[in-house]
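These notes are about the structure you will find just below.
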Amino acid sequence: MAGNKGLGRGYASLLGLNDVDELVKPTTPTTDTAGKEGAEILLSIADIDPNYEQPRKTFDETALAELAQSIATHGVIQPIVVTPIGKRFMIIAGERRFRASKLAGKTQIPAVIKHYTPQQIKEISLIENLQREDLNPIEAGRAIKTLMTEFNMTQEMAADRIGKSRSAIANTLRLLTLDEGVIELIEKGRLSAGHARTLVVVADKQQQYKLALKACDNQMNVREMEKAVKDYLNPKPKKPVNTERSLELEELVNNMQRAFATKVSAVGNGNKGRIYVDYFTKDDLDRICALVDDWMKVKFTEEEN
């Protein structure tokens, strides 16, 4: 494996389409393709297979249809890159163009044949897709993780290989630690990576998902999402309720219990609350009503006099 160099000139250099191959050197060509190494030729689409190591698992159907329309009109402008696998060829770069060409009804596609080892194929496939920046954030995170695991890279090394900052790599990898439900929302395009990154600090996975549901489908912008997470992590303390009962309230409860000969309770304090008078039978209720009626009669009599 070559030294750890950046890829600022893009994956064209990486794949040997320019003068310098930055990352790998092709292996010795087989006899039947030796004369075709690096040259652009027309290959039958029926002889080409997708790369099973392709990090991108989903392709935008609308964008693919638009590209197919362009290819039907103008042809494939940039050749795909393939490597021989027995008597067939596997795509190293350009699967989207390959799919769109099939959709456009093409039977041949321009291609450049390169010879790489299986390890080189995997690394190139990962880096080519990551450089194009059209993977969804979760696909990108998984591709970066695979790149680091398979090739024993640190975050710094992966960042240099792909041509991104180490912080961008770290932020993308953090998305993989989120709740599976949140990850699914990102994959479906319902939650942006910016929204999702704010959830990394929330340890409770269920709360991550609840917060994500509140923000998905553009219900919140990222700033609002950050505030929602902050409010969850640092809830405002509730004002303590003054439940201390005054002596006057205690005396009132005691007097009412004696007057009604039943249980009387109070909830609240001397400023605000409720008083409950319990009754346990209909006779009990009738007795309490009679006591209140008698009190009202006495009260009205006193007022008239």
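A short reminder: the numbers here are calculations on the coordinates, not readings from a lab. In this text the structure is predicted, and so the values were computed from the model without any measurement. All Cβ positions, even for glycine, are placed from backbone atoms using ideal geometry, and neighbour counts span all protein chains on display.
Calculate the FRET efficiency for THR117 and LYS236 from the Cβ-Cβ distance with a Förster distance of 51 Å, rounded to the nearest 0.05.
Efficiency at R0 = 51 Å is approximately 0.30.
From the phi of every residue in the range 219-233, what ³J(HN,Hα) in whole Hz does the Karplus formula 6.51 cos²θ - 1.76 cosθ + 1.60 yield, where θ is phi - 60° and glycine or proline is x?
6, 9, 8, 5, 4, 5, 5, 4, 5, 4, 5, 4, 5, 5, 6
Out of residues 5 or more away from LEU43 or on other chains, whose amide H comes under 5 Å of its own, with H placed 1.01 Å from N in the peptide plane?
Residues meeting the criterion, in which the H sits 1.01 Å from N, are ILE109, ALA111.
Can you give me the distance in nm between label points at PHE151 and GLU224, each placed 7 Å from the Cα along the Cα-to-Cβ direction?
4.1
Among 256-262, 158-164, how do they line up from the highest to the lowest mean number of other beta-carbon atoms within 10 Å?
158-164, 256-262
Near the amide H of LYS106, under 5 Å away, which other amide H atoms are found, from residues 5 or more places off or on another chain, if H is placed in the peptide plane?
When sequence neighbours closer than 5 places are left aside, there are no close amide H contacts.
With the calculation restricted to Cα positions, what are the radius of gyration and Dmax of the range 157-305 in angstrom?
Rg and Dmax of the range 157-305, Cα atoms, are 31.0, 101 Å.
Hey, what's the Cα Rg ratio for the range 178-233 versus the globular rule of thumb, 2.2 N^0.38 Å?
0.95
List, in the order given, every pair from LYS188/LYS210; LYS227/LYS272; LYS122/LYS205; LYS164/LYS210; LYS205/LYS227; LYS106/LYS145 whose Cα-Cα distance in the structure shown is over 28 Å.
LYS227/LYS272; LYS122/LYS205; LYS164/LYS210; LYS106/LYS145
Give the long-range amide H neighbours of THR117: residues separated by 5 or more places, or on another chain, with amide H under 5 Å away, using H modelled in the peptide plane at 1.01 Å from N.
So THR117 has HN proximity to THR27.
Name the residues of the range 178-197 whose amide N is less than 14 Å from a point 7 angstrom out from the Cα of ASP60 along the C-beta direction?
Under 14 Å, as judged by backbone N against the label point of ASP60, lie 188-190 of the range 178-197.
If the range 62-131 were replaced by its equivalent ellipsoid, with semi-axes equal to the square roots of 5 times the Cα gyration tensor eigenvalues, what would those be, largest first, whole Å?
Listed largest to smallest, the semi-axes of the range 62-131 are 23, 14, 9 Å.
Calculate, in nm to one decimal, what LEU176 and ALA266 gain on full extension: separation in residues at 0.36 nm each, minus their alpha carbon distance.
Working it through step by step, the gained length comes to 27.0 nm.
Working out 0.36 nm times the residue gap between ALA168 and GLU187, then minus their Cα-Cα distance, what length gain in nm do you get to one decimal?
That pair, ALA168 and GLU187, stretches by 5.0 nm at full extension.
Give me the extension gain from GLU250 to TRP295: residue separation times 0.36 nm, minus the current Cα-Cα distance, reported in nm with one decimal.
Length gained between GLU250 and TRP295: 14.1 nm.
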